[in-house]
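Reviewing the structure listed below.
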Amino acid sequence: SDVRVVARTGSTNSDLVALAAEGKAAEGTVLIAEEQDAGRGRLDRRWTAPARSGLFFSVLLKPTGVPVERWGWLPLLAGVAMATGLSRSAGVDTALKWPNDLLVTVEGAERKVGGILAERAGDDAVVVGIGINVTLRADELPVPGAGSLALAGAATTDRDTILRTVLRSLEQWFEKWRSVGGDPAASGLQDTYAAGCATLGREVRAELPGNTSITGEAVALDGDGRLVLATAEGVQQPVGAGDIVHLR
Ligand code: BTN
């Protein structure tokens, strides 16, 4: 596929969404920056990392034949692909924190090593943006709770090798999922996500849009990719968006 490398930009997601809108990027286009000045994360957060310390890239995907109600699985699919790719290339075991953070364990503590920001690009496409902390040392970590592949004992921190392996895994998962009309069960995505998810089985607090929160045990992932919480009141509450805090 078409892989474009830029030395420096604000946000590869913003750039690729704009290129797609202008008809200047075909399906499968990958845009990668060596350095990103205004990287964006979920929930209006920022993604910051020193130049060349990680992978900052975006991929344009067209889920042709997949009903739009199922497109919400794409960021979860990207998380599964990242986990597979990082295990194969760097030999690092990662866990998924719902919905799409990737965690590593460093000295017994869970730390965020990667994240995904999926954004619509017009009617027929989605830009999936992936950030991975690769070489960062402890004193270079941008925020508390962050980690890196290097700190997790990666067998390699060669960014090209890691990128290629993650992209191959993303392509395989995407084709598998699209070929069954985005069905999360038939593609194996739902089970694979659940098997790799550190949130399931944990006591969590879901911080919801509008300053409310729900606390409960994360017991399942439903067919729409929502996290189902069992609350102390005995209610099963699906959570579709928001921020999850692992309590224990
Ligand atoms: C998150 O953890 O909330 C998601 C972080 C996503 C960061 C990546 S880096 C490449 C791409 N371009 C962006 O501006 N964001 C994503």
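Any read-out appearing in this document is the output of simple, stated calculations on the displayed coordinates, not a laboratory observation. None of the values given here were measured: they were computed from a predicted structure. Here the Cβ positions follow ideal geometry from the backbone for every residue, glycine too, while neighbour counts run over all protein chains shown.
For the range 43-122, a crude dipole built from +1 on the beta carbon of Lys and Arg and -1 on the beta carbon of Asp and Glu, taken about the Cα centre, is about 220 debye to the nearest 20. Annotation: for a label point projected 7 angstrom from Cα along Cα→Cβ of R88, residues of the range 57-80 with backbone N closer than 16 Å are 77-80.
List the lysines whose Cα sits under 24 Å from the Cα of K62, skipping any in the same chain fewer than 8 residues away. Cα-Cα hits under 24 Å: K24, K176. Applying a length cut-off of 24 Å (Cα extent along the axis) and a mean Kyte-Doolittle floor of -0.5 to the DSSP H helices of the chain leaves 73-90. The lysines whose alpha-carbon is closer than 17 Å to the alpha-carbon of K97, local same-chain residues fewer than 8 away aside, are K112. What are the residues whose amide H is under 5 Å from the amide H of W47, where those residues sit 5 or more places off or on another chain and H is modelled from the backbone? So W47 has HN proximity to G39, R40, G41. How big is the charge dipole of the chain about its Cα centre, in debye rounded to the nearest 20, if each Lys and Arg gets +1 on its Cβ and each Asp and Glu gets -1 on its Cβ? So the dipole magnitude of the chain works out to roughly 320 debye. The calculated 222 nm mean residue ellipticity attributable to helices in the chain amounts to -7500 deg cm²/dmol, summing -39500 (n - 2.57) over DSSP H runs of n ≥ 4 and dividing by all residues.
Residues R45, R8, R205 in ascending order of nearby Cβ atoms (within 10 Å, fewest first): R8, R45, R205.
Estimated from the Cβ-Cβ distance and a Förster radius of 30 angstrom, the FRET efficiency linking A241 and T161 is about 0.30. Return the distance in nm (one decimal) between the two label points of a simple spin-label model at E175 and R45, each offset 7 Å from Cα along Cα→Cβ. According to this spin-label approximation, the distance is 3.4 nm.
Using only Cα positions of the range 118-176, each an equal point scatterer, no hydration layer, compute I(q)/I(0) via Debye at q = 0.13 Å⁻¹ and quote the log10 values to two decimals. Once normalised to I(0) and log-transformed, intensities are -0.49. Projecting the Cα atoms of F56, L136, A21 onto the charge dipole of the chain (Cβ charges, centred on the Cα centre) puts L136 farthest toward the positive pole. Go ahead and collect, in residue order, the members of the range 46-62 whose backbone nitrogen is under 20 Å from a label point 7 Å along the Cα-Cβ direction of V3. 51-62, by backbone N distance to the label point.
Residues in the range 128-133 carry Karplus couplings, in order, of 9, x, 10, x, 9, 7 Hz; the curve used is 6.51 cos²θ - 1.76 cosθ + 1.60 with θ = phi - 60°, and Gly or Pro positions show x.
Extents of the chain, largest first, come to 52, 45, 34 Å (Cα atoms, principal axes, whole angstrom). Applied to the range 137-145, the Karplus parametrisation 6.51 cos²θ - 1.76 cosθ + 1.60 on θ = phi - 60° returns per-residue 3J(HN,Hα) values of 8, 4, 6, 9, 5, x, 9, x, x Hz, with x for Gly and Pro.
Long-range amide H contacts for V106: which residues qualify at under 5 Å (H placed 1.01 Å from N, peptide plane, sequence gap of 5 or more or a different chain)? Here the answer is R111, since their amide H atoms fall under 5 Å of that of V106. Each label was represented as a point 7 Å from its Cα along the Cα-to-Cβ direction; for D123 and T231 these points are 4.0 nm apart.
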